[in-house]
Amino acid sequence: MEKKRYYNDNIGPIKENEVLALKKALELCNEIGDITQITLLIHTKGNTGYLERIFESRNLKDFFRGVKIDENYPPLKIETIRTFNDDWQGKKIVVAFGLRSKELHKYDDYENVAGIIAHQWSEDSVKDWAKSWGAINLKSQTKIEKTALPEKVVQQAFIDLSNSINMTTGITHFMDEEQCKTYIRALKKYEYELNSKEILSFLTTELNWESDNANDVIKLIDKVNSGGYFKGGAKTGLQHHIKRWKSE
């Protein structure tokens, strides 16, 4: 089943919106089935304000071990970004309170996550993640407009890269990084737009890159887009790559 993705365009401490996020998690348990845990994901143990408002209590110690509030639903467990991992112990629904898009992309990679509900604290902090996947707005129940795809030649360049490297490790190997740098040099030299948001979305949602590996590519792109420079990558014969990508 395709992963379920929802977001809440909340701003600040609004209990109504926090409760809405939790209710959606309970609904997804019934919709998906076989959910073993609802993970209430926060930055640190001190960021429990969201949950204190929901449960109208400041004593949430038991939730860090897991609490079953209803026999019809799996236990609720508070996790932090330091403790939550892809442990393969059954399917989980994650309600992420106050996390940002970069963090959400990471947890979206987890095989044990069947659904993510992103409850934001500040304006637009989850929108990049939501637009990458076409997530559904909790209030309106409408899909957000997805991030546009890069132009065709840029797409083909990264399809070519994806087919050439070890996708498990991304561009961490020297030769794979060199190839990536060469392709970025070619696209930049011939004035193709390197839109970081579009390329990150394309790598993760269309080419199945893990977010950490995709962000290694984005760091190189951001460097050249900001006028910076990186060492490595071929500096000659770049036109041949462009011609090949155009023909494909």
- Message: Just to be sure I understand: with springs between alpha-carbon atoms less than 10 Å apart, which residue in 71, 79, 18 has the highest mean-square fluctuation in the Gaussian network model of the chain?
- Response: 71
- Task: Just the ratio, please: alpha-carbon radius of gyration of segment 138-211 over 2.2 N^0.38 Å, N its number of residues.
- Result: 1.25
- Report the Stokes-Einstein translational diffusion coefficient (µm² s⁻¹, integer) for segment 92-133, Rh taken as the Kirkwood radius over Cα pairs, at 25 °C with viscosity 0.890 mPa s. 240
- Item | Percent carbon-and-sulfur accessible area, the chain, ignoring ligands, DNA and RNA, probe 1.4 Å | 46
- Query: How much accessible surface area, in Å² rounded to 10, belongs to the heavy atoms of residue 62 with a 1.4 Å probe?
  - Reply: 80
- Item | Nearby lysines by direct alpha-carbon distance to residue 4 (threshold 17 angstrom, same-chain neighbours under 8 apart not counted) | 23, 24, 91, 92, 106, 127, 131, 139, 143, 146
- Message: Taking the solvent-accessible surface of protein heavy atoms with a 1.4 Å probe, what is the per residue accessible area of segment 91-222 in Å²?
- Response: 44
- Message: Net charge around residue 83, counting only other residues with Cβ within less than 12 Å of its Cβ (Lys, Arg = +1; Asp, Glu = -1)?
- Response: +2
- Note on the structure: Out of 88, 129, 209, a Gaussian network model of the chain with alpha-carbon springs under 10 Å gives the largest mean-square fluctuation to 88
- Query: Given springs between every Cα pair under 10 Å in a Gaussian network model of the chain, which of 122, 201, 164 has the largest fluctuation?
  - Reply: 164
- Item | Neighbourhood net charge (10 Å Cβ-Cβ; Lys/Arg +1, Asp/Glu -1) for residue 15 | -3
- Stretch gain in nm, segment residue 139-residue 160, where the contour uses 0.36 nm per residue and the Cα spacing is subtracted: 3.6 nm
- Message: Let me check the size of the chain from its C-alpha atoms; what are the radius of gyration and Dmax in Å?
- Response: 20.5, 66
- Item | At R0 = 25 Å, FRET efficiency that the Cβ-Cβ distance of residue 3 and residue 68 yields, to 0.05 | 0.55
- Between beta-carbons, use under 9 Å as the cut-off and find the net charge around residue 233, counting Lys and Arg +1, Asp and Glu -1. +2
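The values are calculated or read from the model by the stated rules, or taken from the named source; none is laboratory data. For clarity, every value in this text was computed on a predicted model and none was experimentally measured. FYI the Cβ positions are ideal-geometry reconstructions off the backbone, even for glycines, and counts take in every protein chain you see. All accessible areas refer to the heavy atoms of the entire protein, side chains included, with ligands and DNA or RNA removed. Shrake-Rupley method; radii C 1.70, N 1.55, O 1.52, S 1.80 Å.
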